[in-house]
Amino acid sequence: MPRRPNPIFFVVIGVAFTLIALGLNMGGDSKDGAEPTPTLAQETMPATVVPPTPILPAATAMSVPPTPTPLPDRTSCAEIMGTAYRSAAEREWYIQNCTSSYLAPQRNDEAA
């Protein structure tokens, strides 16, 4: 009957081949400062792609625009005529001071 090899023999052979393979892949003891050659696993593994994080604008508080400074009321009939009133007070002034003279009937003092 043929003799069977001891199982420890296979373990020792496996470890020896592994150490030899690792030594060859790491480039040995190179003292010239050269980089070790990459292993097959390093060459074939794809780089991990991380999707970019979207940059969102910072939330800003809604600000109310400042109220414009109102213009002063005009006191000239010629300035106000044909334009928008700047205030209720200007309108009242215009009605009291400018419309009565334009709309008042002309009196003919010579006829009396």
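What follows draws every value from the coordinates through simple rules; no lab data is involved. Small disclaimer: the values here were computed from a predicted structure and weren't measured. Cβ sites come from the backbone with ideal geometry, for glycine too, and all protein chains shown count toward neighbours.
Evaluate the distance, in nm, between pseudo-label points positioned 7 Å from the Cα of A89 and of F10 along their respective Cα→Cβ axes.
Once both label points are built, they end up 10.9 nm from each other.
Please list 51-64, 85-98 highest first by mean number of surrounding beta-carbon atoms within 10 Å per residue.
Taking the mean over residues of other Cβ atoms within 10 Å, the ranking is 85-98, 51-64.
Apply the Karplus curve 6.51 cos²θ - 1.76 cosθ + 1.60, θ = phi - 60°, to the phi angles in region 63-76 and return the couplings in whole Hz, x for Gly and Pro.
9, 8, x, x, 6, x, 5, x, 6, x, 5, 8, 10, 10
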